[in-house]
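Here's the structure we're looking at; comments come further down.
The values are calculated or read from the model by the stated rules, or taken from the named source; none is laboratory data. A quick note: this is a predicted structure, and the numbers were derived from the prediction, not measured. Quick reminder, even Gly has a Cβ in these numbers, built from the backbone with ideal geometry, and neighbours come from all protein chains shown.
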Amino acid sequence: MSPTIEPIVCPYDPTWVMAYYVDAPRPALVDTGGARHPTDAIQPALAARGTTLAAIEVTINTHGHWDHAGGNAAVAVACSPEILVHAAGAPLLVDERPHLDGYLTDTARLLEQPALAAAQRATFPDFFQRGPAGTRLLGDGDRIDLGAGVMFDVLHAPGHSNDHVALFWEREGGLVAGDTAQGTGSRLGGCPLYFGSTRQARTSIARLRDIPFRTLHVSHPFGRPGTDERVTAYDGDTGRAFLTDSLSALDAMEEALRVALDDDPATPFPVLARAATDHLAGGGRWPLWPEPMTGVPTGAAPTLHGLRDELNGASP
Ligand SMILES: [Zn+2]
């Protein structure tokens with residue numbers, strides 16, 4: 001059987017995150033899940049394929065978030081892999097603080113919810129363990145050679161995070177998009193989560209749509225408007241439709257935000273986010289369930305904040 005990108009489901013209550021095994025001369029993992037996933041999910045999946053964590057030679061992180069790189073430490077206990085991450089993600093692999101003061105508590109800070117931030121900080125060690133430093137820092141246009149023609153092109157794809165990369169294996173037509181494009185978000189009732197610039201997110205998603213992929217792998221079971229189906233792998237046509245849906249979900253959130261801003265441009269952000277949520281829910285594009293603590297659906301606050309910056313011309 002020719003080498004391929006083999007998906008590994010890493011449960012992440014109430015959803016899951018994907019890791020991938022690449023059976024190449026230099027066996028590789030793309031992402032390592034959270035702190036416990038290498039032992040709880042990845043090792044059993046590798047055993048079922050007749051291999052082990054100890055055989056892994058290369059680890060590639062699509063980005064440094066805890067649910068994608070939190071397992072790097074546990075993988076490194078079993079082997080001493082090369083560790084590849086975008087240069088902007090390097091600090092996230094080796095230190096809790098940029099998580100705790102950054103992406104992890106972004107929603108809580110934007111919505112002025114210190115109790116939520118404290119709760120997130122308290123449970124963070126369950127998801128992330130400080131791992132080894134990156135041994136190769138990636139940039140756009142780099143290539144990753146795993147031997148015998150298994151070659152990934154690196155596409156810097158910022159938007160969900162500044163350090164996000166997508167990986168394209170041209171010969172196989174496989175594109176690992178990670179969290180670059182999120183449809184209507186990873187949680188039922190939630191929204192797509194773009195922590196960084198929404199302008200860059202749109203550019204990254206549109207760029208992926210132009211890649212001649214035959215299989216699109218995404219890291220969470222993201223939703224799509226008008227269907228309850230949630231999958232993490234798409235064929236070429238359906239994958240391009242998913243990417244188009246991801247762009248139109250951003251357009252719908254922007255439109256709801258515009259209406260909320262027209263009502264009162266000086267509204268403080270937490271109030272604005274709730275008003276935009278109401279307008280978005282009124283549009284009925286997909287189910288929206290505001291979280292009891294914040295009044296805003298999961299994922300919505302960073303994305304609405306990025307869209308506000310984009311509308312104000314303040315977006316990078
Ligand atoms: Zn992420």
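Structure summary
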{"quantity": "Qualifying residue in segment 303-314 (condition: in contact with a Ser or Thr (Cβ under 6 Å, 6 or more places away or on another chain), outside any loop (DSSP other than H, G, I, E, B), among the small types (Gly, Ala, Ser) and within 15 Å of residue 109 (Cβ to Cβ))", "calculated": "yes"}
{"quantity": "Extreme residue, nearest to residue 86 (Cα to Cα), among residues of segment 156-175 that are more than 17 Å from the chain's Cα centre (by Cα) and among the acidic types (Asp, Glu)", "calculated": "170"}
{"quantity": "Segment 271-295 residues that are farther than 11 Å from residue 190 by Cα, paired with ones that are of a type in the set (Ser, Thr, Tyr) and not in a helix (DSSP H, G or I) (beta carbon under 7 Å, 6 or more apart)", "calculated": "275/267"}
{"quantity": "Test: residue 302 is within 16 Å of the ligand (Cβ to nearest atom) and touching a Lys or Arg at 6+ places or on another chain (Cβ under 8 Å)", "calculated": "no"}
{"quantity": "Verdict on residue 250 being out of contact with any Lys or Arg (no Cβ under 7 Å at 6 or more places or on another chain) and not aromatic (Phe, Trp, Tyr)", "calculated": "no"}
{"quantity": "Verdict on residue 69 being over 15 Å from the mean Cα position of the chain (by Cα) and of a type in the set (Gly, Ala, Ser)", "calculated": "no"}
{"quantity": "Filter result for the condition that a residue is surrounded by 24 or more Cβ atoms within 10 Å (Cβ to Cβ) and more than 16 Å from the ligand (Cβ to nearest atom), over 42, 60", "calculated": "42"}
{"quantity": "Selection status of residue 287, outside any helix (DSSP H, G or I), over 24 Å from the mean Cα position of the chain (by Cα) and either within 21 Å of residue 160 (Cα to Cα) or not aromatic (Phe, Trp, Tyr) (or both)", "calculated": "no"}
{"quantity": "Residue within segment 86-93 that is within 13 Å of the ligand (Cβ to nearest atom), modelled with pLDDT of 95 or more and not in a helix (DSSP H, G or I) present", "calculated": "yes"}
{"quantity": "Residue within segment 98-119 that is under 19 Å from the mean Cα position of the chain (by Cα), within 16 Å of the ligand (Cβ to nearest atom), farther than 29 Å from residue 27 by Cβ and not in a helix (DSSP H, G or I) present", "calculated": "yes"}
{"quantity": "Which numbered condition residue 174 misses (of (1) under 25 Å from residue 304 (Cβ atoms); (2) touching a Lys or Arg at 6+ places or on another chain (Cβ under 8 Å))", "calculated": "(1)"}
{"quantity": "Tally, over segment 217-245, of residues that are in contact with a helix residue (DSSP H, G or I) (Cβ under 8 Å, 6 or more places away or on another chain), within 16 Å of the ligand (Cβ to nearest atom) and part of a strand (DSSP E or B)", "calculated": "1"}
{"quantity": "Where a residue in segment 77-105 is closer than 17 Å to residue 35 by Cα and in contact (Cβ under 8 Å) with a residue 24 or more places away in the chain and its partner, wherever it lies, is among the charged types (D, E, K, R) and in a helix (DSSP H, G or I), with Cβ under 8 Å and at least six apart", "calculated": "100/121; 104/121"}
{"quantity": "Residue selected from segment 66-84 under the condition part of a helix (DSSP H, G or I) and within 16 Å of the ligand (Cβ to nearest atom), by the criterion surrounded by the fewest Cβ atoms within 10 Å (Cβ to Cβ)", "calculated": "66"}
{"quantity": "Matching entry among 299, 226, 282 (being surrounded by 13 or more Cβ atoms within 10 Å (Cβ to Cβ) and among the small types (Gly, Ala, Ser))", "calculated": "299"}
